[in-house]
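The values are calculated or read from the model by the stated rules, or taken from the named source; none is laboratory data. Since the model is a prediction, treat every value here as computed from it, not as a measurement. Positions of Cβ are generated from backbone atoms using ideal geometry, with glycine treated the same way; all protein chains shown enter the neighbour counts. Calculation scope for accessible area: heavy atoms of the full protein, side chains included, ligands and nucleic acids excluded. Shrake-Rupley method; radii C 1.70, N 1.55, O 1.52, S 1.80 Å.
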Amino acid sequence: GYHSNTCASVVLQTTERLKPVYPASDLMSYVKKEAQLALLNCATPDAVIRLCYSSNLFMADSLAKIYFKQQQHMSFVDFLRACVHAGSGCQTVFTEVTTFSRLLTSADAACLEREVQDKAQRLQILFLQQFDTEYS
């Protein structure tokens with residue numbers, strides 16, 4: 001979920017990732033754009049739709065188009081494929097999905113694993129209750 005350090009963390013990670021790629025004079029504009037896209041990618045579909053109807057933000061429609069067309073949020077399978085295809089080489093992808101109900105069954109997990117089998121070695125679903133946290 002969102003935390004007060006989220007924006008700062010995203011900007012820092014984006015800066016570190018882009019620093020070797022862009023000259024210092026151009027870095028800030030690329031970091032701003034990439035960080036905005038990363039934060040948008042974390043939004044819920046409901047939040048993006050509410051943004052379009054609740055404000056006169058001139059970018060709301062543009063952000064919604066990016067969210068639903070360029071980023072993959074139409075289905076969980078599309079989102080998962082995009083996460084797996086985004087990286088190159090050997091890597092681990094952690095994706096958090098927050099819901100008030102049980103989102104996936106073991107049959108759903110098997111279906112998802114088949115969907116990404118060519119790009120992912122092993123799909124593992126963990127539930128918050130499996131961890132000893134105060135939020136479980």
- Note on the structure: Ranking E16, E115 from most to least accessible area with a 1.4 Å probe gives E16, E115
- Message: Straight-line reach from K19: which lysines fall under 22 Å, measuring Cα to Cα and dropping same-chain residues less than 8 apart?
- Response: K32, K33
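At a 1.4 Å probe radius, carbon and sulfur cover how many percent of the accessible area of segment 22-87?
For segment 22-87, the apolar C and S fraction of the accessible surface comes to 60 percent.
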- Message: Net charge around M28, counting only other residues with Cβ within less than 13 Å of its Cβ (Lys, Arg = +1; Asp, Glu = -1)?
- Response: +1
- Charge context of L63, other residues only, Cβ under 13 angstrom, K/R +1, D/E -1: +3
